[in-house]
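J.: Dumping the structure here so I can ask a few things about it.
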Amino acid sequence: MTVKTRPEPPGVGTPPAGSGPRISLGALRRIPHVGLIAVLAVVVIFTAAQSETFATDRNILNILGQISVNAVLAAGLTLLMTAGGMDFSMGSNVAVTAAVTAKLIAHGHATPLAVVVSLLLGTALGLVNGVVVTFTKVAPFVVTLATATLLDGVALLVHDGNTISIGQHMFTFGNEKVLGVPWLLIVAVVVLVATALVMRFTVFGRDAFAIGGNEHVARLSGINVTARKLTLYGLTGLLSGLGGVMLLARLGSSSPGSTAGLSLQLSVVAAVVIGGTSLAGGHGTVLGTALGLVLLGVVANALNLLDFSSNYQPVSVGAVLLIAAIANEMHKARAARH
């Protein structure tokens, strides 16, 4: 016995001829950082249409070189914030370590020695934050903001009102390229990739997520929370010291009015938050942080190329940070509902 099947009407069962696969809005939302990528694409397309020099190789490398110091700091801050911590003193740490390194070199000390001292000093300052936060239970925001103010004052004392020049010392590291790529950018990429690998594949990275998710539960599960926190704050200090060396190498001098300090720190925090790292801890991605860094770098570059006043740059950073913080809260609320 044969079974006759009724032919399906047109449009049922198979898509119309010539139609391609459809991407639903829900599928787009599941793409990591799709909103950030879309905003970055809009800014890039608009700026490229308005300025002929924007899309040149030289300008792109210039943007990436300028955000290299921020990238090194943002890598450490991403890991720390994922664990529920915060360090608002990294920019001020950069100011101090750059000043100390410059003074050592200017007084005739060997450059490698000055760099090692800078890294050790930065690590020590980070550990001080970690000790106070861990053993006093004072909020990290309060502790590190106080430390930032203190370090800004220390940087002024080291400078004593004068710009400290290092001449041609570290010029190659700060300004030269290898295979067309600036040394500073190479260092930044290595630090970002290393941080991403640590967060993704190591016990230390998984512990950071666990501590940020619920510190009490992490402690009950056998994680040495105190040791992990001290290590994280020491790491942010170490990367701040490295950032100080990189900034000094790029500028060739350290001055009381340098680009380090709270302004640098706010740019780093903005990049990390824009990238989706949770202010409450438990979630963070280096890829998102990298996209946030590029977005802020492109916006700053666009303002320069389009002849906007430099006063608009902090306005743009603050506005983007506020929008990102609101978007993160909305995303967290939506995730909780589902």
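J.: May I ask you to compute the full-extension gain from R219 to Q168, defined as 0.36 nm times their residue separation minus their alpha-carbon distance, rounded to one decimal in nm?
T.: So the chain would gain 13.4 nm between R219 and Q168.
J.: Assuming a ≥ b ≥ c are the square roots of the Cα gyration tensor eigenvalues, decide whether the range 116-246 counts as rounded (a/c under 1.5), prolate (otherwise, with a/b larger than b/c) or oblate.
T.: Oblate shape, in that a/c is at least 1.5 and b/c is the bigger or equal ratio.
J.: Report the FRET efficiency, 1/(1 + (r/R0)^6), for D160 and V44, where r is their Cβ-Cβ distance and R0 is 41 Å, rounded to 0.05.
T.: Values: r = 43 Å, r/R0 = 1.06.
The calculated FRET efficiency here is 0.40.
J.: Would you work out which of L291, G281, L197 lies farthest towards the positive end of the dipole of the range 195-299, given +1 charges on the beta-carbon of Lys and Arg and -1 on that of Asp and Glu, about the Cα centre?
T.: The residue sitting most towards the positive pole is L197.
J.: Another question, if that's okay. What translational diffusion coefficient, in µm²/s and rounded to a whole number, does the Stokes-Einstein relation yield for the range 40-151 at 25 °C and a viscosity of 0.890 mPa s, taking the hydrodynamic radius as the Kirkwood radius over Cα pairs?
T.: In µm²/s, the coefficient is 148.
J.: Let me ask another. By how many nm would the segment from L287 to L266 lengthen if fully extended, with 0.36 nm per residue of separation less the alpha-carbon distance?
T.: 5.7 nm
J.: While we're here: At 1.4 Å probe size, with no ligands or nucleic acids counted, give the accessible surface of I326 in Å², nearest ten.
T.: Around 90 Å² of this residue is reachable by solvent.
J.: Round to the nearest 10 and report in Å² the accessible area of R206, as given by a 1.4 Å probe over the protein chains' heavy atoms.
T.: 130 Å²
J.: Once ligands and nucleic acids are excluded and a 1.4 Å probe is used, how much of S267 is accessible, expressed in Å² to the nearest 10?
T.: Only protein atoms counted, so the area is about 30 Å².
J.: Follow-up question, since we're still on this one. Working out 0.36 nm times the residue gap between V138 and A110, then minus their Cα-Cα distance, what length gain in nm do you get to one decimal? Present the calculation step by step, with values, prior to reporting the outcome.
T.: Values: separation 28, 0.36 × 28 = 10.08 nm, distance 3.95 nm.
My answer for the length gained is 6.1 nm.
J.: May I ask you to work out the translational diffusion coefficient for the chain at 4 °C, viscosity 1.567 mPa s, via Stokes-Einstein with Rh from the Kirkwood sum over Cα pairs, reported in whole µm²/s?
T.: Translational D for this selection: 60 µm²/s.
J.: Right, something else. Hey, what's the range 103-176 come to in accessible area per residue, 1.4 Å probe, Å²?
T.: Averaged over the residues of the range 103-176, the accessible area is 56 Å².
J.: Another one. Running a GNM on the chain with Cα contacts under 10 Å, which residue among A280, A300, A38 ends up with the highest mean-square fluctuation?
T.: A38
J.: Spin-label point model (7 Å from Cα, Cβ direction): what's the A280 to I60 distance in nm?
T.: Output for this residue pair reads 3.9 nm.
J.: In Å², and per residue, what accessible area does the range 253-310 have when probed at 1.4 Å with the other protein chains present?
T.: 34 Å²
J.: Of the heavy-atom accessible surface of the chain (probe 1.4 angstrom), what whole percent is carbon and sulfur?
T.: Carbon-and-sulfur percentage of accessible area, whole number: 67.
J.: Which one, M90, L61, L235, projects farthest toward the positive side of the charge dipole computed for the chain from Cβ point charges (K/R +1, D/E -1)?
T.: L235
J.: Place a +1 charge on the Cβ of each Lys and Arg in the range 35-332 and a -1 charge on the Cβ of each Asp and Glu, then give the dipole magnitude about the Cα centre in debye, rounded to the nearest 20.
T.: 600 debye
J.: I would also like to ask the following. Go ahead and run the numbers for FRET between A146 and E52, Cβ-Cβ distance against an R0 of 51 Å, rounding to 0.05.
T.: E between A146 and E52, to the nearest 0.05, is 0.60.
J.: As a test of reading the structure, rank H33, H107, H169, H159 by solvent-accessible area (1.4 Å probe, protein chains only), most first.
T.: So, going from the largest accessible area down, we get H107, H169, H33, H159.
The values are calculated or read from the model by the stated rules, or taken from the named source; none is laboratory data. These figures come from a predicted structure and were not determined experimentally. All Cβ positions, even for glycine, are placed from backbone atoms using ideal geometry, and neighbour counts span all protein chains on display. To get the accessible areas, we keep the full protein, side chains included, count just its heavy atoms, and leave off ligands, DNA and RNA. Shrake-Rupley method; radii C 1.70, N 1.55, O 1.52, S 1.80 Å.
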